[in-house]
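For reference, the structure discussed in these notes is given below.
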Amino acid sequence: MLKLHWLSETSLDFPPVSRALRDPDGLLAVGGDLRPERLRRAYEQGIFPWYSDDQPILWWSPSIRMVLVPEELHISRSMRKVLHNQQFRISFDTAFRQVIGQCASVREAGPGTWITTEMQEAYCQLHAQHIAHSVEVWEHDRLVGGLYGIAMGQLFFGESMFSLRDNASKAALIVLARQLQQWGYRLIDCQVPSEHLRSLGAKEMPRKAFLALLAEYQQAPGKTGKWTLEINPGEL
């Protein structure tokens, strides 16, 4: 039987992802910390943290990943109407801390793994380094939806999204995918499967295939610096 690997506070090394457990699927290691260097090392290997406030840091590499190829994005007729009605205004990297705070609030109010205070601060550090980015959905001047994640090379690793209005999180992902396509990004990692993501064209991919694409795409140049921009979703 495979045993969990406990990470030390000094070393940044992770065990091979082939050692990830099958039950629960993808649990690879425990412990360590959320220093920016460790988080970067984790994402480079297709590993991400996911845990609750009362647990040690848990590191995952699921056997099946949900991914979205930007060119394969599906926008339903109903969502096109939502976007063309210009109910929402979309921005990038203008309210990262607010977005991750709202994602945490939504998680705490319902089932699922919490985005702890420690995690929020860690990803805000990555945002300051222009590695983590956010998409904001505004209704007038109120933040009603958004998402955040990590960009490396020509991949975007989606971490979490929230929605305070119908379709707000879908609008965020649609605009992100279209913009990433323009910038030449090849893949969006959505981590775990859901019907919400399938409706937008996301598909399941075995870990081995995902890691092969990860090794290729993270070496290619991506969009650097802060992603400060506003997009009119009605033009999609």
- Query: Can you name every residue in the range 77-98 that is modelled with pLDDT of 95 or more and in a loop (DSSP other than H, G, I, E, B)?
  - Reply: 93, 94, 95
- Item | the range 152-190: number of residues that are on the phi > 0 side of the Ramachandran plot and touching a residue at least 40 places away in the same chain (Cβ under 8 Å) | 2
- Message: Taking the condition of being touching a residue at least 12 places away in the same chain (Cβ under 8 Å), farther than 20 Å from residue 119 by Cβ and either acidic (Asp, Glu) or surrounded by 16 or more Cβ atoms within 10 Å (Cβ to Cβ) (or both), how many residues in the range 22-33 meet it?
- Response: 1
- If you scan the range 121-135, which residues turn out to be touching a strand residue (DSSP E or B) at 6+ places or on another chain (Cβ under 9 Å), more than 12 Å from residue 94 (Cα to Cα) and assigned to a helix (DSSP H, G or I)? 122, 123, 124, 125, 126
- Task: Take residue 98 and decide whether it is assigned by TED's automatic domain parsing to the domain that holds residue 200, more than 15 Å from the chain's Cα centre (by Cα) and under 30 Å from residue 213 (Cβ atoms).
- Result: no
- Lone qualifier among 199, 194, 134 - being modelled with pLDDT under 95, within 15 Å of the chain's Cα centre (by Cα) and hydroxyl-bearing (Ser, Thr, Tyr): 194
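The values are calculated or read from the model by the stated rules, or taken from the named source; none is laboratory data. Everything quoted here is computed from the prediction, not taken from an experiment. Ideal geometry is used to build each Cβ from the backbone, glycine not excepted, and the neighbour counts take in all protein chains shown.
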